[in-house]
Amino acid sequence: MNIGKDLVAASATPLVLAILAEGDSYGYAIIRRVAELSGGELQWTDGMLYPVLHRLERFGYVEARWATAETGRRRRYYRITSEGTAHLAAQRRQWQVVDSALRGIWTEMRFAFA
């Protein structure tokens, strides 16, 4: 399925913040987690993820640190801040309203087209 760019862009912030709420992570692991959570339907690239992470860092929603992984490779790890947690809670409430509205209209449409 091809998910439109507008929907992918709109969902990027809550997805990244929710993943970081699970624990600190680095870019490639975040990309893998998005794919896992979407059943493979969302296939993000570095070019999609890093601008989101940098924006969230500018807003103070995430913090980054460099660390050396077990493999010896240096990675930049991201963690959600308290401001990010509050923003994620607000985003969740907004998405719940949108989800409820869509489910409502689609339920009505199902009866209209039955």
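The values are calculated or read from the model by the stated rules, or taken from the named source; none is laboratory data. Quick caveat: nothing in here was measured; it's all calculated off a predicted structure. Ideal geometry is used to build each Cβ from the backbone, glycine not excepted, and the neighbour counts take in all protein chains shown. Each accessible area value is taken on the protein alone, full model and side chains, heavy atoms only, with ligands, DNA and RNA left out. Shrake-Rupley method; radii C 1.70, N 1.55, O 1.52, S 1.80 Å.
Considering the range 56-96 alone, what residues qualify as being open to solvent by 100 Å² or more (accessible area, probe 1.4 Å) and either of a type outside the set (D, E, K, R) or touching a residue at least 12 places away in the same chain (Cβ under 8 Å) (or both)? Write out each step before concluding.
If we filter the range 56-96 for residues that are open to solvent by 100 Å² or more (accessible area, probe 1.4 Å), which is where we start, we get 58-59, 65-66, 70-71, 73-74, 83, 92-94.
Result: Phe59, Arg65, Trp66, Thr71, Glu83, Arg92, Gln94.
Would you tally the residues in the range 8-43 being part of a loop (DSSP other than H, G, I, E, B) and either open to solvent by 40 Å² or more (accessible area, probe 1.4 Å) or in contact (Cβ under 8 Å) with a residue 60 or more places away in the chain (or both)? Walk me through how you get there before you give the answer.
Going through the range 8-43, the residues part of a loop (DSSP other than H, G, I, E, B) turn out to be 23-24, 38-43.
Now drop any that are not either open to solvent by 40 Å² or more (accessible area, probe 1.4 Å) or in contact (Cβ under 8 Å) with a residue 60 or more places away in the chain (or both), which leaves 24, 39, 41, 43.
Within the range 8-43, residues that are part of a loop (DSSP other than H, G, I, E, B) and either open to solvent by 40 Å² or more (accessible area, probe 1.4 Å) or in contact (Cβ under 8 Å) with a residue 60 or more places away in the chain (or both) number 4.
Would the range 94-105 turn up any residue that is in contact with a strand residue (DSSP E or B) (Cβ under 6 Å, 6 or more places away or on another chain), more than 24 Å from Met1 (Cα to Cα) and at pLDDT 95 or above?
So far as the range 94-105 goes, no, none of its residues is in contact with a strand residue (DSSP E or B) (Cβ under 6 Å, 6 or more places away or on another chain), more than 24 Å from Met1 (Cα to Cα) and at pLDDT 95 or above.
Condition first: of a type in the set (D, E, K, R) and closer than 14 Å to Asp24 by Cβ. Now tell me which residues in the range 65-114 satisfy that. It would help to see each step written out before you state the result.
Applying the first criterion (of a type in the set (D, E, K, R)) to the range 65-114 yields 65, 70, 73-76, 79, 83, 92-93, 99, 103, 108, 110.
Hits for the range 65-114 are Arg65, Arg75, Arg76, Arg79.
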